[in-house]
Amino acid sequence: MSTAPAPAPALEALGLAKHYPIRQGWHRPPRTVRALDDVSFVLPPGRTLAVVGESGCGKTTLARQLTLIERPSAGTLRIGGASPGDDEASLRRLRRRIQMVFQNPFASLNPRKTVSAILEEPLTIAGELDAAARGERVLELLGRVGLSAEQARRYPHMFSGGQRQRIAIARAMALEPAVIVADEPVSALDVSIQAQVLNLFMDLQERHGTAYVFVSHDLAVVEHMAHEVLVMYLGRTVELAPAAALFAAPAHPYTRALLATRPRLDARVRRTVVPIRGEPPSPLDPPAGCAFHPRCPEAVPRCRDERPALRALGDRRVACHLA
């Protein structure tokens, strides 16, 4: 008896890289910032991958590659098993399958348009529904995110921050994407509202099977939301692991340092926290060997000379000589 083939991953990245040339002025050769370097992962349908790391580690650059805002310098991206081609028609077909929710709901919505017009815009661009069907679709989307039909006629300034982010989520869901990339989607909201928006994300995922790439610096949010966690440092992956395993026993020193910064109620635990020393190095002049070694309390001479490869370690992948 034959079995049905496994569904294609919702999103797959293979060796993604993004390099930016930097001009230094007259008579000086340009330099290159390796903002993203050899990042790979597989995201199944209906699952959440969290991307974490300090500011400047490449999280937002990765989000821009995944949503096809920019083209990668190297590597392969597949959305539902399909790779974007070089022609605009191919990009348009795939862009509707991966949408984005931005960090700041006060800036991501057009203040001159009503909520109805904002939600109708992606449907108009897709060109598959007539005006009456688009209107019905707008009301259905509002209902999904807990807003009423009467609110469709209002403007963004008439809503609270949490309501605006609900509208942004409804806009991202308009074309039934396979993947939503959420870039710090609750960091601009009050703590009391964050839980409501996170629960909305989880409810929509359960109902529609949408996969999420969740970019966040808030590890409490990541622990609550993610099935798998990708930890980045200076544009590279240092650890990729199931969320439960990573929070229970982080394998990379940088991951351990990040988790140690979480607020703790136990004073004995707080006293044992060793903060990360120094600042992240400049991406224009990264250190040789492991990029984290100048700040790592466990570094050995090999770390200064040889960059560790991302290797399998049980159910995770870790880029550390000592793991």
Give the shape of segment 92-145 as rounded, prolate or oblate, defined through the alpha-carbon gyration tensor: a ≥ b ≥ c are the square roots of its eigenvalues, a/c under 1.5 means rounded, and otherwise the shape is prolate if a/b is larger than b/c and oblate if not. oblate
Please report the spacing between the Cα centers of segment 283-309 and segment 102-149 in Å, no decimals. 48 Å
Compute the Cα gyration tensor for segment 104-188, then decide on rounded, prolate or oblate, letting a ≥ b ≥ c be the square roots of its eigenvalues: rounded whenever a/c is under 1.5, prolate when a/b is larger than b/c in the other cases, and oblate in all that remain. oblate
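Could you order H252, H293 by accessible surface area, starting with the largest, using a probe radius of 1.4 Å?
The residues order as H293, H252, largest area first.
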Using a 1.4 Å probe on heavy atoms of the protein chains only, the accessible area for R207 in Å², nearest 10, reads 140 Å²
Count the net charge of all other residues whose Cβ sits under 14 Å from the Cβ of D285, scoring Lys and Arg as +1 and Asp and Glu as -1. +1
Taking just the alpha carbons, could you work out the radius of gyration and Dmax for segment 39-105, both in angstroms? 12.6, 36
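Which of rounded, prolate or oblate describes segment 1-139 when judged by the alpha-carbon gyration tensor and an a/c cut-off of 1.5?
oblate
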Please list, short to long, the whole-number percent of alpha-carbon pairs of segment 129-264 in consecutive 10 angstrom bins beginning at zero. 10, 36, 30, 15, 7, 1
Given the options A182, A74, A241, state which has the largest fluctuation in a GNM of the chain using a 10 Å cut-off (strictly under) for Cα springs. A74
Sequence of I193, I79, I125 from largest to smallest accessible area, 1.4 Å probe: I125, I193, I79
Under 13 Å, Cβ to Cβ, from R153 - net charge with Lys/Arg +1 and Asp/Glu -1: 0
In square angstrom, rounded to the nearest 10, how much accessible surface does D190 have for a 1.4 Å probe? 110 Å²
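Once the Cβ-Cβ distance between R153 and A133 is put in as r, and R0 is 22 Å, what FRET efficiency do you end up with, to the nearest 0.05?
Plugging the Cβ-Cβ distance into 1/(1 + (r/R0)^6) gives 0.75.
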Within a Cβ distance under 12 Å of V231, other residues only, what is the Lys/Arg minus Asp/Glu net charge? +2
Name the most mobile residue of L246, L284, L234, meaning the one with the largest mean-square fluctuation, in a Gaussian network model of the chain with Cα contacts below 10 Å. L284
Expected unfolding gain across A195-R92 under the 0.36 nm per residue rule, minus the alpha-carbon gap, is 33.7 nm
Residue-wise, which Karplus ³J(HN,Hα) couplings in Hz belong to segment 143-157, taking 6.51 cos²θ - 1.76 cosθ + 1.60, θ = phi - 60°, and x for glycine or proline? x, 4, 9, x, 10, 9, 5, 4, 6, 5, 8, 8, 9, x, 5
Over all alpha-carbon pairs in the chain, figure out the percentage whose distance exceeds 27 Å. 49 percent
Which residue, Y20, Y233, Y155, tops the fluctuation ranking in a GNM of the chain built on C-alpha contacts under 10 Å? Y20
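The values are calculated or read from the model by the stated rules, or taken from the named source; none is laboratory data. Keep in mind it's a predicted model, so treat the numbers as computed, not measured. Note: ideal-geometry Cβ built from the backbone for every residue, glycine included; neighbour counts use all protein chains shown. Heavy atoms of the whole protein, side chains included, go into the accessibility calculation; ligands, DNA and RNA do not. Shrake-Rupley method; radii C 1.70, N 1.55, O 1.52, S 1.80 Å.
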